[in-house]
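Here's the structure, in structure tokens; my notes come after.
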Amino acid sequence: MLISLELSTNKQDEWQDITGLVSDTIRKADVENGIVLVYCPHTTAGITINENADPDVVSDVQMRFHEVYPWEHPKYLHMEGNTAAHLKAITVGSSQQVIIQNGALLLGQWQGIFFCEFDGPRKRTVHVKIIED
């Protein structure tokens, strides 16, 4: 089963906690056990799993990404001017898999699934593939 979710981002760099959207998708699909694959089909955005209890974690990661991958660099050649967004997306990755157990995501206590925008604001798509046991 494949479900596509539409997202809108509001900033150049923005992390949206999509754990609830993915959980709702699983609930609507009425799947008790299996695997969910969350995939981002964009080259300047990604999907990660990390702490969603303290927003300072996201702020700290974004701050460090800005230091490691500055938006402007004299040696960047990409004519669109968004090389930093591509580098951040490569670092984060385009997908994550999570086990579905008893109809729920089997995440750790502090974990959440994030859509990571690096070249916004934009309209984006996230594909959710549910594989039932």
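The values are calculated or read from the model by the stated rules, or taken from the named source; none is laboratory data. All values derive from a computational prediction rather than experimental measurement. Reconstructed Cβ throughout: ideal geometry from the backbone, glycine too, with neighbour counts over all protein chains shown.
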Of all residues in the stretch 44-73, how many are out of contact with any Leu (no Cβ under 8 Å at 6 or more places or on another chain) and over 15 Å from residue 87 (Cα atoms)?
11
Boolean, residue 51 is surrounded by fewer than 18 Cβ atoms within 10 Å (Cβ to Cβ), over 28 Å from residue 99 (Cα atoms) and of a type outside the set (A, V, I, L, M, F, W, C)
no
Show the residue pairs meeting these rules: Cβ distance below 7 Å; 6+ apart or different chains; first residue within the stretch 15-44 and crowded, with 18+ Cβ neighbours inside 10 Å; second residue part of a helix (DSSP H, G or I) and hydrophobic (A, V, I, L, M, F, W, C).
15/58; 36/22; 36/26; 38/22; 44/85; 44/89
Does the stretch 51-94 hold any residues that are on the phi > 0 side of the Ramachandran plot and modelled with pLDDT under 95, and which are they?
81
Subset of the stretch 98-120 [in contact with a strand residue (DSSP E or B) (Cβ under 7 Å, 6 or more places away or on another chain), in contact (Cβ under 8 Å) with a residue 24 or more places away in the chain and either of a type in the set (A, V, I, L, M, F, W, C) or exposed (fewer than 13 other Cβ atoms within 10 Å of the Cβ) (or both)]
98, 99, 100, 105, 107, 110, 113, 114, 115, 116, 118
Out of 39, 69, sole residue that is under 15 Å from the mean Cα position of the chain (by Cα), closer than 18 Å to residue 15 by Cα and aromatic (Phe, Trp, Tyr)
39
Subset of the stretch 63-86 [over 30 Å from residue 130 (Cβ atoms), surrounded by 16 or more Cβ atoms within 10 Å (Cβ to Cβ) and not aromatic (Phe, Trp, Tyr)]
82, 83, 84
What is the residue count in the stretch 1-14 for residues that are surrounded by 16 or more Cβ atoms within 10 Å (Cβ to Cβ) and in contact with a His (Cβ under 9 Å, 6 or more places away or on another chain)?
3
